[in-house]
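One structure is given below, encoded as structure tokens.
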């Protein structure tokens with residue numbers, strides 16, 4: 001099984017935009033009263049930030065105009081917290097811009113329900129097809145992958161290899177480059193025989209200006225009658241992706257978008273523009289090369305991330321994927337009885353790492369963005385890897401009795417993990433401090449003192 005998804009990449013895509021917007025709204029929110037001129041000045045900065053993020057010019061202009069109309073046309077300026085009211089308007093408009101609603105795949109027909117993937121060459125359709133099949137399987141919905149990219153044999157080989165890796169069946173034929181419609185039709189017939197819920201058709205990449213190849217898509221669509229026609233959009237291509245999305249939609253009638261390669265250096269403009277231009281929702285976002293690096297796209301959560309408000313719901317979901325209820329109960333029991341040892345700590349480290357980088361996790365916690373650059377050294381991802389290596393080099397007895405690790409044991413552990421005795425000393429000191437804090441929590445002392453002892457404000 002592939003490693004867990006890295007949820008932080010969606011944040012990274014919008015990082016610069018988030019920095020600029022949070023700066024703008026911090027100034028606006030700090031004012032007790034704001035004027036029309038204050039709003040105009042803030043919106044000029046918002047518009048510039050959107051354009052720098054590669055948002056389509058028309059989209060940015062309409063977005064800012066709508067916000068201004070709502071902010072100035074209502075009772076915002078007369079309110080008790082006008083700055084916060086403006087931020088709420090911006091958040092709601094971002095949600096609208098990103099497609100609103102919760103866009104999921106829902107089977108509606110007798111099996112198989114057909115998903116037809118289309119897109120430009122190199123957009124990542126084949127990899128996305130496999131990711132989508134894995135996503136559906138995790139929801140206990142079987143899928144058949146259909147290799148209909150007949151002009152690129154390597155694509156069929158790639159899909160077959162991915163299917164074998166993920167234990168997902170793949171249908172392919174040795175046919176000619178012009179036989180894609182027939183192969184797709186035969187694949188749907190095979191999916192019906194197998195009784196699978198979904199059939200995912202991987203079509204060949206094509207330029208939207210190539211009329212012959214676009215006509216082939218028309219033929220495929222008419223033969224397989226897809227429930228979903230999803231355009232795979234490479235987020236790295238910026239405005240070109242938006243233009244292609246518009247052209248594909250006008251020609252094939254898209255039902256949704258999948259943004260791929262969000263783990264790259266994309267500025268995020270494609271995500272903010274594509275839905276507005278096409279009128280179809282973003283349903284998924286690919287956030288890495290791993291097979292499970294595919295996220296359901298939630299416009300409201302994304303809007304919160306862009307504005308630096310965190311994303312607690314996604315964080316909880318990620319945690320639930322890694323921590324079972326039984327594990328949580330056992331962890332609580334050990335904490336209450338002061339039995340939490342380094343072996344338990346190692347398990348927690350590994351599960352947290354599967355959720356993403358420390359920075360990405362912190363970004364999903366409201367208000368934590370302001371702490372960026374101020375996190376203690378132990379929160380660094382490289383240091384977490386070293387901590388894992390040191391604990392892995394210990395015997396089970398040493399993990400259970402860290403206080404009894406003497407000098408010779410420290411030298412052996414450090415040597416085995418590629419670290420130094422000083423690194424190990426620091427780990428053991430940090431773990432001892434963590435155990436002390438756990439005792440305070442479980443004894444109720446922390447409730448009496450609040451969180452001040454941790455350097456945090458009282459709740």
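Read-outs: derived from the displayed coordinates by stated rules, not from any lab. Bear in mind that the values here come from a model prediction, so they are computed numbers and not experimental data. Here Cβ is always computed from backbone atoms with ideal geometry, including for glycine, and neighbour counts include all displayed protein chains.
Using the per-residue mean of other Cβ atoms lying within 10 Å as a proxy for protection, in what order, highest first, do the peptides 19-28, 395-404 fall?
Values: 19-28: 17.8, 395-404: 13.2.
Descending packing order for the listed peptides: 19-28, 395-404.
Is the range 89-211 rounded, prolate or oblate when judged by the Cα gyration tensor, a ≥ b ≥ c being the square roots of its eigenvalues, rounded requiring a/c under 1.5 and prolate requiring a/b larger than b/c?
oblate
Between residue 33 and residue 289, what length comes free when the chain is fully extended (0.36 nm per residue of separation minus the Cα-Cα distance, one decimal in nm)?
Full extension of this stretch gives 87.4 nm more.
Given R₀ = 30 Å, FRET efficiency for residue 81-residue 385 by Cβ-Cβ distance, to 0.05?
Efficiency computed from Cβ-Cβ geometry: 0.10.
Using a Förster radius of 60 Å, what is the FRET efficiency between residue 400 and residue 212 based on their Cβ-Cβ separation? Nearest 0.05, please.
The value I calculate is 0.30.
Does the range 148-224 classify as rounded, prolate or oblate by the C-alpha gyration tensor (a ≥ b ≥ c root eigenvalues; a/c under 1.5 gives rounded; else a/b over b/c gives prolate, otherwise oblate)?
Oblate.
Is the range 88-152 rounded, prolate or oblate when judged by the Cα gyration tensor, a ≥ b ≥ c being the square roots of its eigenvalues, rounded requiring a/c under 1.5 and prolate requiring a/b larger than b/c?
Oblate, because a/c is 1.5 or more while a/b does not exceed b/c.
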